[in-house]
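What follows is a short report on a single structure.
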C-alpha cells in the first residue's frame, strides 16, 4: 500500500516537471514521462510477482501444463507493455506509431497463443472421438 | 522510486531550455540546436539503463 502512495506522489511530481519542461524542451519532457512510466510500471510489476507465483500454483492444482500458463503470462506482459508504449506514443503526438505497435502486439499475441489453440483443438477432437 | 532522477531530468531540461533561448536570441541557432541535442542525449543515456531494467523485469516476471 505504501508503494501506491509513493507512486502517486512520484507521478504527480513527474507531471509537474513535465508541464514545466513542455514549454521549452518537449523532447526532454517526453523522456521524463517515459522514465516516470517505466519507474511506476517497474514497481507495480514487483508487486505482481507473488500474484504470478499464485497463478503458477493454481495451474499446478488444475494440472494445467506449465507451458500454457507461461503463454498466458507472456500475453499479459505483452499487453501491459504495448498499452503503456501506445499511450506514450499517443501523448507525444504519434498516435499512428502507437497503432502500429498495437497491431504488432496483437500479431505476437496470436502467434504466441497458437499452442493453446492447438491444444484446445486436440482436446475437442479427443472428446469427439470418445463420443 | 528514484524521485531524484525526475528532478535531475527536470533540471537538465530547464538548463538546456535557458541555454537554448540565450543562444537563439544571440543569433547562434546552430549552437542552440546542438545544445538541445546534447541535453537530449544526456537524458537518454540516463534513462537507457532504467528502460533496460524494466524490460529485464518484465522478461523474468512474465517468463519470456
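A short reminder: the numbers here are calculations on the coordinates, not readings from a lab. Please read these numbers as outputs of a predicted model, since none were measured by experiment. Cβ coordinates were reconstructed from backbone atoms using ideal geometry, including for glycine residues, and neighbour counts include every protein chain displayed.
Condition check: surrounded by 17 or more Cβ atoms within 10 Å (Cβ to Cβ) and more than 17 Å from the chain's Cα centre (by Cα). Does residue A:12 satisfy that? First the steps, then the outcome.
Working: surrounded by 17 or more Cβ atoms within 10 Å (Cβ to Cβ): no; more than 17 Å from the chain's Cα centre (by Cα): yes.
So residue A:12 does not fit the description; no.
If the requirement is being within 11 Å of chain B (Cβ to nearest Cβ), part of a helix (DSSP H, G or I) and within 15 Å of the chain's Cα centre (by Cα), which of these qualifies: A:48, A:32?
Details: A:32 fails: within 15 Å of the chain's Cα centre (by Cα).
One residue alone meets the criteria, A:48.
A quick yes/no check of all residues on (1) more than 7 Å from chain A (Cβ to nearest Cβ); (2) farther than 30 Å from residue A:108 by Cα; (3) without any contact (Cβ under 8 Å) to a residue 12 or more places away in the chain:
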| site | (1), (2), (3) |
| --- | --- |
| B:8 | yes, yes, no |
| B:12 | no, yes, no |
| B:16 | no, yes, no |
| B:22 | yes, yes, yes |
| B:55 | yes, no, yes |
| B:64 | no, no, yes |
